[in-house]
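Read-outs throughout are calculated quantities, based only on the coordinates presented, and are distinct from any laboratory measurement. A quick note: this is a predicted structure, and the numbers were derived from the prediction, not measured. Cβ atoms come from the backbone with ideal geometry, glycine included; neighbour counts cover every protein chain shown.
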Amino acid sequence: MEKVVSAFKSLHFVEMVLMLSVFVGLLVHFAYGYQPMFFLLIFSIALAFVYFPLGFYFIKRPSENYSNNISIILGFIYALGVLTVLLGAVNVDSYRYPLIVDFLILGALIIYLLIQLRRDKYPDTYINTQLLRVAYLVVISLIVLI
């Protein structure tokens, strides 16, 4: 339980607010049939900007001994996942194909995280935070697919 709490604490406030906003926006859109997508569009694009161009700040590197390369790569993959979910929520034709590709990329990311990050002796909090972000993307992707 301590690992989960420390993973949540390592997320920035802005990232947590945007993640919850996208989640609530998806639930309101699908559960209540609210059709205007303006707020979901704004929150999703803001979360994608948090991940990709600003990934070096929000995802961070685990310590001074590591480079920012993994943060930038992970941020790109997370931004891709968020935008794919947005495409699925907007109900663009053939939206299931990008979500399936997103699941395959996220599955490869999980395998990469478990092997590479453990091999390079990354801190457990950093690994758990990345797995938390991946789990979030999988959950919102499943909401869109259902």
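Values for this structure:
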{"read-out": "Qualifying chymotrypsin sites (Phe, Trp or Tyr not before Pro) for the range 1-32 [loop in DSSP, other Cβ within 10 Å: at most 15]", "value": "TYR32"}
{"read-out": "Normalised contact order of the chain, rounded percent, pairs of Cα under 8 Å and 6 or more residues apart", "value": "28"}
{"read-out": "Expected 222 nm ellipticity per residue - DSSP helices of 4 or more, -39500 (n - 2.57), all of the chain, to 500", "value": "-24000 deg cm²/dmol"}
{"read-out": "The range 1-45 shape via C-alpha gyration tensor axes, a/c threshold 1.5", "value": "oblate"}
{"read-out": "Net lengthening on full extension, TYR34/VAL17 (0.36 nm per residue, minus Cα-Cα)", "value": "4.1 nm"}
{"read-out": "Cα gyration tensor category, rounded, prolate or oblate, for the range 35-102 with a/c compared to 1.5", "value": "oblate"}
{"read-out": "Directionally averaged projected area (convex hull, Cα atoms, the chain), nm²", "value": "8.7"}
{"read-out": "Loop trypsin sites (Lys or Arg not before Pro), the range 76-146, which have at most 10 other Cβ atoms in a 10 Å radius of their Cβ (DSSP)", "value": "LYS121"}
{"read-out": "Phi to ³J(HN,Hα) by Karplus 6.51 cos²θ - 1.76 cosθ + 1.60 over the range 74-84, Hz, x for Gly, Pro", "value": "5, x, 5, 5, 5, 5, 4, x, 5, 5, 5"}
{"read-out": "Ranked ILE105, ILE59, ILE127, criterion: other C-beta atoms within 10 Å, fewest first", "value": "ILE105, ILE127, ILE59"}
{"read-out": "5 angstrom amide H check on LYS60, placed H, neighbours 5+ away", "value": "none"}
{"read-out": "Degrees between helix 96-112 axis and first principal axis of the chain (Cα, 0 to 90, nearest 10)", "value": "10"}
{"read-out": "Using θ = phi - 60° and Karplus 6.51 cos²θ - 1.76 cosθ + 1.60, couplings along the range 116-122 (whole Hz; Gly, Pro as x)", "value": "5, 5, 6, 5, 7, 6, 6"}
{"read-out": "Lys/Arg +1, Asp/Glu -1 at C-beta; the chain dipole; positive extreme among PHE23, ILE72, VAL4", "value": "VAL4"}
{"read-out": "15 Å beta-carbon shell around SER6, net charge (K/R +1, D/E -1)", "value": "+2"}
{"read-out": "Reachable lysines, given that their alpha-carbon falls under 17 Å from the alpha-carbon of LYS121 and they are not under 8 places away in the same chain", "value": "LYS3, LYS60"}
{"read-out": "Dipole magnitude of the range 2-145, debye to nearest 20 (Cβ charges: Lys/Arg +1, Asp/Glu -1, about Cα centre)", "value": "260"}
{"read-out": "Whole-Hz ³J(HN,Hα) from phi, Karplus 6.51 cos²θ - 1.76 cosθ + 1.60, for the range 42-56, glycine and proline x", "value": "5, 5, 5, 5, 5, 5, 5, 5, 4, 7, 8, x, 9, x, 5"}
